[in-house]
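Here, each number is a calculation from the coordinates, and none is a lab measurement. No experiment lies behind these values; they were computed from the predicted model shown. Glycine gets a Cβ as well: all are built from the backbone with ideal geometry, and neighbour counts include every protein chain shown.
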Amino acid sequence: MCYAIPGKVDEINGRVAVIDYFGEKRKAYVDLIDDIKIGDNVFAQGGFVLRKISDEEARETLKIWKEIFFKLDAQDKKLARDPKNLYERANAIRQKHQGNSCCVHAIIEFSNYCRCDCLYCGIRRGNTSLNRYRMEIPEILAAVGDAVKLGFQAFILQSGEDIYYTDDLLVEIVKEIRKKYSVLLFMSVGERSLDAYRRMYDAGARGVLLRFETSNEKLYEKMKPNDGNLLNRRTNLIRCLREMGYLIVTGSLIGLPGQTAADIMKDIKMTADLGAEMFSFGPFISHSDTPLAGAKAPTLKKILDTIAQARIMNPDAKILVTTALETLWGLDGAKEALMAGANSLMINVTPQKYRKLYDIYPKRFGTDLDVQEHINAAIDLLKSLGRAPTDLSVS
């Protein structure tokens, strides 16, 4: 199944196109593709037009969607009406402002080496028991290609802060992917120079996943020792990347030892203040090979409360159901998160031989699943809630 609905270009104003989806008008930037004109059929993702498609391809895809889209929308509206509690209120706000669209992105974890020594992370530099790996460009291209065949059009390329991947190499990765595939690329490679990010943007990357993990400065420095890590350095980088034109995915870990309820509310505010396109609040899960081994994970209620409060405070945001949430509470937990205001999912398409080695926390959800099996489960979940597995809600 395709994870974007084709639309028809209705207007073009500078670098912004107005696109018609089943009579609903949305806007998207056109700077990733040349030669767009009124009347073209296009795929857009994350607010960017990715590629033109033929009338024949558009008809085939629209035929599938037209039969189910309005049925799903009706189901979503039915489930979101008459809010009686915090979660139902958040879900109703999500439905009103975001409709029934749900982003489904692919993630490729291409290296588990990391120069950082964060106390909470299983791929930290100090974990000497971990088998390390790196994917070279041909492997990354093959993984993207396999996922494109399955219908993905938005990708997060994630690694530890691995300096083996120089600025030049990261830029080459982006160029090679964009040369071969018309997809939306988010980079999740940690703190790099502004020049590096500018060059990746010029090569075709348009999003960044860079969480700040906690808005509490003292807790931040405690969780990230011996690396000269400062919260304001990270948040200043995120702000600069936003100004550069990147879509920002950021947020925090919920349940870190020492975190307070006030910290979590500040996390939500900081995420919004940083101009995030997508909010990511995942539960802390302890890893046996870290200094925080044995620390308790937060309750599902705490995560759902965070998602719901974030939705109420930020009606237009996309809010992610994290893999960590699914690890602790499975698809039932994902369902509850979606019903508390979330509207985005990620599916791991890292090659199977590497998937378990990206061991940021143990027993990650999806590492044992065939990708198509994972897709089917996610689509079934979304359909049961009246959600359309696509990114129609472009800005």
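Just a few scattered comments:
- Segment 172-248-segment 284-340 distance, computed between alpha-carbon centres (Å): 22 Å
- Taking amide H as placed 1.01 Å from N in the peptide plane, ALA154 has its amide H under 5 Å from the amide H of ALA106, LEU184, each at least 5 places away in sequence or on another chain.
- Other-chain or far-sequence residues with amide H under 5 Å of ILE12's (modelled H): VAL18
- Gyration tensor (alpha-carbon) shape descriptor, segment 96-384, a/c threshold 1.5: rounded
- Protection proxy ranking, highest mean first, for peptides 328-337, 206-215: 206-215, 328-337, where packing is the per-residue count of other beta-carbon atoms within 10 Å, averaged.
- Prolate/oblate/rounded label for segment 7-74 (Cα gyration tensor, a/c 1.5): prolate
- Segment 91-116 and segment 141-160: distance between their alpha carbon centers, rounded to Å: 14 Å
- In this structure the amide hydrogen of ASP31, modeled in the peptide plane, comes within under 5 Å of the amide hydrogens of VAL49, none closer than 5 places in sequence on its chain.
- Counted charge near PHE70, where neighbours are those whose Cβ lies closer than 15 Å (Asp, Glu -1; Lys, Arg +1): +3
- Unsatisfied cross-links (Cα-Cα over 26 Å) in the set LYS78/LYS363; LYS266/LYS318; LYS269/LYS383; LYS8/LYS149; LYS25/LYS318; LYS66/LYS96: LYS78/LYS363; LYS269/LYS383
- Cross-link pairs LYS77/LYS335; LYS175/LYS353; LYS301/LYS335 - those with Cα-Cα distance over 18 Å: LYS175/LYS353
- Segment 347-391: C-alpha gyration tensor shape, a/c 1.5 cut-off, then a/b vs b/c: prolate
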